[in-house]
1. Restricting the first residue to the stretch 272-290 and requiring it to be within 21 Å of residue 228 (Cα to Cα), which pairs with a second residue that is basic (Lys, Arg) and part of a helix (DSSP H, G or I) meet a Cβ separation below 8 Å and a spacing of at least six or different chains?
2. So which pairs qualify, if the first residue must be in the stretch 69-80 and hydroxyl-bearing (Ser, Thr, Tyr), the second must be assigned to a loop (DSSP other than H, G, I, E, B) and open to solvent by 40 Å² or more (accessible area, probe 1.4 Å), the Cβ gap must be under 9 Å, and the two must be at least 6 apart or on different chains?
3. Tell me which residues, restricted to the stretch 199-253, are open to solvent by 10 Å² or more (accessible area, probe 1.4 Å), aromatic (Phe, Trp, Tyr) and under 14 Å from residue 289 (Cβ atoms).
4. Identify all residues within the stretch 269-314 that are of a type in the set (D, E, K, R), closer than 16 Å to residue 330 by Cβ and buried (at least 17 other Cβ atoms within 10 Å of the Cβ); write none if there are none.
5. Residues of the stretch 95-109 being open to solvent by 30 Å² or more (accessible area, probe 1.4 Å) and over 36 Å from the mean Cα position of the chain (by Cα), which ones?
6. Are there any pairs with C-beta distances below 7 angstrom linking a residue in the stretch 96-115 that is touching a residue at least 60 places away in the same chain (Cβ under 8 Å) to a residue that is part of a loop (DSSP other than H, G, I, E, B), with the two at least 6 apart or on different chains, and if so which?
7. Pick from the stretch 226-268 the residues that are closer than 21 Å to residue 331 by Cβ and of a type in the set (Gly, Ala, Ser): which of them is farthest from the chain's Cα centre (by Cα)?
Amino acid sequence: MRLMDYYENGFEAAMLKDTMAYYSCKASNWILEDSCPNYMLKAEECLKREKDRVSHYLHSSSETKLLEKVQHELLSVYATQLLEKEHSGCHALLRDDKVEDLSRMYRLFSKIPRGLDHVANTFKQHVTAEGTALVKQAEDAASNKKAHKRDVVGLQEQVFVRKVIELHDKYLAYVNSCFQNHILFHKALKEAFELFCNKGVAGSSSTEILATFCDNILKRGGSEKLRDEAIEETLEKVVKLLAYISDKDLFAEFYRKKLARRLLFNKSANVEHERSIITKLKQQCGGQFTLKMEGMVTDLTLVRDNQARFEEYVSNNPIANPGIDLTVTVLNTGFWPSYKSFDLNLPTEMIRCVEVFKEFYQTETKHRKLTWIYSLGTCIIYGKFEPKSIELVVTTYQASALLLFNASDRLSYQEIMTQLNLSDDDVVRLLHSLSCAKYKILNKEPSTKTISPTDVFEFNSKFTDIMRRMKLPLAPVDEKKKVIENVDKDRRYAIDASIVRIMKSRKVLGYQQLVIECVKQLGRMFKPDVKAIKKRIEDLITRDYLERDKDKPNLFKYLA
């Protein structure tokens with residue numbers, strides 16, 4: 001026999017058996033008497049002593065066997081009981097921010113088979129519960145403020161995003177330090193945030209809330225007042241949260257709408273920050289995600305050059321002078337959100353402006369068609385009131401309505417609607433802003449707070465204010481429904497393209513596999529509904545892209 005055989009059979013086997021019995025007895029007492037942190041301290045100390053004992057007295061080959069036995073008796077046997085201790089287990093350590101104890105828990109449980117699974121699962125449950133509590137807190141706060149102004153409700157959503165960012169910072173730090181960047185805990189953190197980050201607050205989806213949060217950071221005069229470094233850091237964290245959002249395409253559309261307003265109305269606080277977040281979004285979601293956003297920012301840089309050429313054209317052609325100062329923003333339709341375009345009956349002064357700019361633009365290019373979006377226009381007009389003249393900053397719609405009163409003292413609702421050629425909804429919003437809001441430029445009969453088709457209006461010549469220049473706000477249109485409709489339409493195209501790509505590659509494929517591959521392909525941007533995929537398959541069959549197998553109805557063939 002080898003010498004090691006005597007050592008292993010004559011001594012080691014008995015030593016291991018006795019060690020197991022010793023620690024089994026110790027553990028059965030400790031688990032009843034000690035808190036989880038104290039138990040772990042004792043377990044760690046025991047493992048250290050056994051390791052030292054090997055180096056002092058035993059053959060090195062015994063170390064692995066000995067430590068495995070001790071870990072089994074102290075940790076594996078009581079793992080669930082230890083982690084679930086009511087006032088000191090894993091949940092309690094996370095709740096009380098016991099960073100050192102959590103680090104020790106990771107070190108100990110990483111040494112036993114599947115030991116970290118339970119810890120990671122508890123971590124996920126804890127983070128999910130904290131996140132869900134934040135959602136409920138925001139919901140309760142918003143519902144309590146319903147009687148107040150909408151911006152107060154909106155403020156609750158801003159506070160909610162801030163708290164979610166803080167929560168993410170906290171537990172990401174835990175993953176990186178306490179849990180040593182282990183993939184199991186990254187996965188647990190991701191799954192937890194996906195569970196509550198996709199819940200809405202106060203009727204707003206998470207995508208809209210995130211887009212609004214960014215808008216408040218990036219726009220001039222927003223509620224988030226931050227230094228440049230803090231803005232960059234916050235935007236970085238928002239983009240990280242976006243990774244947990246399933247409907248990224250919906251976020252892109254909401255974000256693009258708000259970006260458009262910032263750029264078009266000169267409300268962006270810093271163009272470099274605009275470029276910075278677009279770069280971060282590009283890194284996170286890919287070039288296709290930010291293509292339109294990049295185009296929008298580029299368009300605005302070209303606008304200044306275009307305006308300079310127009311002004312030069314006017315100065316060199318005195319006959320072409322529109323008679324009033326005119327700034328036109330020319331944009332590429334493909335990059336920008338779609339807007340309603342009405343054939344507004346412009347006042348004579350404005351018609352002259354449009355014609356002059358068209359003539360100029362034809363000298364620039366022969367291949368582009370101009371479509372005028374009057375709903376986005378802004379005018380400065382002079383109101384000659386009896387007390388004093390006041391500059392009014394108004395929309396093109398408001399300016400067109402007010403200029404009607406240069407020719408008429410009194411106009412009915414129907415006359416205004418006919419002369420402007422606007423829809424009922426737009427006329428109601430327009431007349432409400434001029435006669436029922438804070439600044440009553442028009443007097444209304446009867447003097448009620450709502451607009452009716454039987455109302456009659458006249459210019460309020462006695463209006464006055466301490467300001468010499470004022471802006472007349474026009475109530476914004478709720479574009480949420482339109483944004484969702486646009487995204488749904490884009491999703492239909494995306495599902496069609498995905499199905500065709502898959503079938504072009506595979507030629508023949510079963511329904512179940514086609515759905516799985518389609519969901520996988522589109523999952524980065526949104527989670528396609530299985531019913532929607534089925535509907536798109538049927539549509540592609542009717543358009544002769546696919547055909548159903550005659551013998552197997554759930555098998556599809558690609559038609560080249």
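The values are calculated or read from the model by the stated rules, or taken from the named source; none is laboratory data. The shown structure was predicted, so the numbers you read here are calculated from the model rather than taken from an experiment. Don't worry about glycine lacking a Cβ; one is built from the backbone with ideal geometry, like all the others, and counts go over all protein chains shown. Surface accessibility is based on the protein's heavy atoms, side chains included, excluding ligands, DNA and RNA. Shrake-Rupley method; radii C 1.70, N 1.55, O 1.52, S 1.80 Å.
1. 274/262
2. Between residues of the stretch 69-80 that are hydroxyl-bearing (Ser, Thr, Tyr) and residues that are assigned to a loop (DSSP other than H, G, I, E, B) and open to solvent by 40 Å² or more (accessible area, probe 1.4 Å), the close pairs are 76/113.
3. none
4. 299
5. Correct list: 107 only.
6. Matching pairs, first to second residue: 99/178; 102/178; 103/178; 106/178; 106/179; 106/180.
7. Filtering first and then ranking leaves 268.
Conditions tested, residue by residue: (1) under 28 Å from residue 182 (Cα atoms); (2) at pLDDT 85 or above.
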site: 117; (1), (2): yes, yes
site: 120; (1), (2): yes, yes
site: 124; (1), (2): yes, yes
site: 136; (1), (2): no, yes
site: 140; (1), (2): no, no
site: 161; (1), (2): yes, yes
